[in-house]
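The structure's right below; bear with me while I get my questions together.
Bear in mind that the values in this text are calculations on the coordinates, not laboratory data. Keep in mind that this is a model prediction, so the values were computed, not measured. Heads up, the Cβs are rebuilt from the backbone with ideal geometry, glycines too, and the neighbour counts pull from every protein chain shown.
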Amino acid sequence: MGDVAVGARSGRDEGEERPDDAVERDAVERDAKDGDAKADGAVKRPHRSFWKELPLLVGIALLLALLIKTFLVQAFSIPSDSMQNTLQRGDRVLVDKLTPWFGSEPDRGEVVVFHDPANWLSGEAAPEPNIAQKVLFWIGLMPSAEEKDLIKRTIAIGGDTVECKKGGPVVVNGKELDEPYIFPGNTPCDDFPFGPLTVPKGKIWVMGDHRQNSQDSRWHQQDETHGFVPVDEVVGRAVVVAWPVTRWSTLPVPETFDQPGIGTQAAATALGLGASGLAPVGLGPAALGFAGAVPVVLWRRRRLTAGRTGR
């Protein structure tokens, strides 16, 4: 019989590590240390302070305000009574500046804001702004003292024939206008009858709703534009009274301008005192710009935070 070796071993003593076991253990320990270091870095690395990101927030808000004021909507302040009772002194209206970029032109009945076409506001005093005021206007935080804009109702557009005889209504393309928006006690044109006149293409004829207190197209027929306002000078259509909140309302086109046949220019037949300067208000675009900047900054913060914790 062969001898049996008592206590024979399998090749290594109990508890003795093999070389490959040591290598594997060292690799695991290194990975654990690296993970702890990354976790410590993610926790200990401070987040950027809100105050450090505030300039970015302000910058984005100002940029958005400038874009909104230039291309989308702008607020204007009503400083006179020439559009009563539709608009009151001190009202703030929002003007749509977007649709003109797509070729839209003023239509009959719309309340529009336009640049002074021929010194209609020549008698209005305008203070000289300083450099700071100019900068604030440029970024949309302050009204401009240099711009001279007016607000009136579009009565007739290019190609229309318009007239108004004393004691009678305004007539556009042979259709009499029913104008309930005229200031109570006023007449359509008794203080200054006119026409018939044919509005040139690319021009509009405008009148204030407070007829006896509005130096509108009627009063400027001797000017270089003959009382007509070039469409290129129109800033946009006033669409809503935004302030004060107690007077919030839209500014729709009156039904009389939708009557059948009023747009048929070929069928037109002859039937026989305060200017309204405007001050642009930049607070609306600035507020919208700030509101638009906040989500951008918050999104950026979440992205940075996700990037840190994901390392």
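Can you check what the net charge comes to around N173, using other residues whose Cβ is under 11 Å from the Cβ of N173 (Lys, Arg +1; Asp, Glu -1)?
Working: positive: R108, K175; negative: D160, E163, E176.
Value of the local net charge: -1.
Could I ask something else about it? Under a 5 Å amide H to amide H cut-off, with H placed in plane at 1.01 Å, what residues pair with A242 once short-range neighbours are removed?
HN-HN under 5 Å from A242: R92, V93, L94.
So, one more: What pairs in K97/K148; K152/K201; K97/K165; K97/K201 have C-alpha atoms more than 26 Å from each other?
Details: K97/K148 17 Å; K152/K201 19 Å; K97/K165 35 Å; K97/K201 21 Å.
As for pairs spanning more than 26 Å Cα to Cα, those are K97/K165.
Here's something else I'd like to know. Find out how many positive minus negative residues lie around G208, taking Lys and Arg as positive, Asp and Glu as negative, among other residues whose Cβ is under 10 Å from that of G208.
Surrounding charge for G208 is +1.
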